[in-house]
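The values are calculated or read from the model by the stated rules, or taken from the named source; none is laboratory data. Since the structure is predicted, the reported quantities are computational estimates derived from the model, not experimental observations. Cβ placement follows ideal geometry from the backbone for every residue including glycine, while neighbour counts extend to all protein chains displayed. To get the accessible areas, we keep the full protein, side chains included, count just its heavy atoms, and leave off ligands, DNA and RNA. Shrake-Rupley method; radii C 1.70, N 1.55, O 1.52, S 1.80 Å.
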Amino acid sequence: MSETLFKRNDFSTKILDILDHVEYRRVESSEDMEQVERLRYKAYKAHDVLALAPKGLLDDSDFDSHAYVFGLYYYGELISTIRVHYVTPEHRLSQSGGAFPEAMDQLLDAGLTLIDPARFAADPELTADLPWVPYLTLRPTIVAAAYFRADRVLQFVRPPHAAFYKRVFYADTIVPGRLAKNYGIDMTLMATNVVEVGRKLLTRYPFFISSASEQRMMFSRNPNDTLPPLTIIPTARFVPPGELGTDLPL
């Protein structure tokens, strides 16, 4: 499914309908991490990119205090996963920083806070006929931007994928495609200025909207919390239109 196959309202309505059948889970237990590891292996092998994970399919970054690993479940089945890093001038660990440290330091030295997604993986058998999966797998990056009041959402991607992020996320190019440190292939670094385009993004794609309660369930690590919630139900349908301006740091 592509936006070009539907009128824009039909596209968003279709994905809003799909939200009724999906849930997110924040992955923190060792058993769930093993399931994520298996999914990463399956996805990376299918796309012949296992070599892009030189430190293994699970690494120390998965367990960093500013990292959040999510699984996307469709009718109860794990179909995709993503890791979201909240990067600050005081806490700089990130996937993008390993490849383009100078560019990342420039952003952070300017005082910006960043959402840096990594380890996108989708089950090739279960998602072959579900082309909406990238939108909903990446949805936690926009929820994170709202929760942390971040300045940018980053996209560290291969150059052929840059057009998707420019079109969907209004992303600007930070580092043009070039050989990335530690990867051995060309990558590009892009960024969505959610402060400037947040309202436009949520208006165009209302399935990215989230309530304050959903944001807390996804990203809160209050010392008084017990275990993270087993299931996080997307709340895009339930946020009143008048609250749109509170979802991102507009």
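Lys pairs in region 15-219, Cα-Cα under 20 Å, at least 8 apart or on separate chains: how many?
Lysine pairs meeting the criterion: 4.
Starting from the residue with the highest accessible area, list ARG119, ARG199, ARG221 in decreasing order, probe 1.4 Å.
Largest accessible area first, the list is ARG199, ARG221, ARG119.
With the contact rule set at Cα under 8 Å and sequence spacing of 6 or more, what percent relative contact order holds for the chain?
That works out to 21 percent.
Can you tell me the length gained on complete extension of the stretch ASP172 to ASP105, counting 0.36 nm per residue apart and subtracting the Cα distance?
That pair, ASP172 and ASP105, stretches by 22.4 nm at full extension.
Return the calculated 222 nm mean residue ellipticity for the chain, to the nearest 500 deg cm²/dmol, obtained by summing -39500 (n - 2.57) across DSSP H runs with n ≥ 4 and dividing by the residue count.
My calculation for the chain gives -10500 deg cm²/dmol from helical runs alone.
Nearest 20 debye, what's the magnitude of the dipole of region 53-134 about its Cα centre given +1 on Lys and Arg Cβ and -1 on Asp and Glu Cβ?
The dipole magnitude comes to about 40 debye.
Per residue, how large is the accessible surface of region 15-219? Use a 1.4 angstrom probe and give square angstrom.
43 Å²
Place a +1 charge on the Cβ of each Lys and Arg in the chain and a -1 charge on the Cβ of each Asp and Glu, then give the dipole magnitude about the Cα centre in debye, rounded to the nearest 20.
640 debye
Calculated FRET efficiency, ALA212 and MET33, Cβ-Cβ r, R0 25 Å, to nearest 0.05?
With R0 = 25 Å, the Cβ-Cβ based efficiency is 0.35.
Return the loop-located chymotrypsin sites (Phe, Trp or Tyr not before Pro) in region 68-124 (DSSP other than H, G, I, E, B) with at most 13 other Cβ atoms within 10 Å of their own Cβ; answer none if there are none.
TYR75
Around ILE232, under 12 Å between beta carbons, what's the net of Lys plus Arg minus Asp minus Glu among the other residues?
Here the count lands on +2.
If the label point is 7 Å along Cα→Cβ of ALA46, which residues in region 82-102 have backbone nitrogen under 18 Å from it?
Label zone hits: 82-83.
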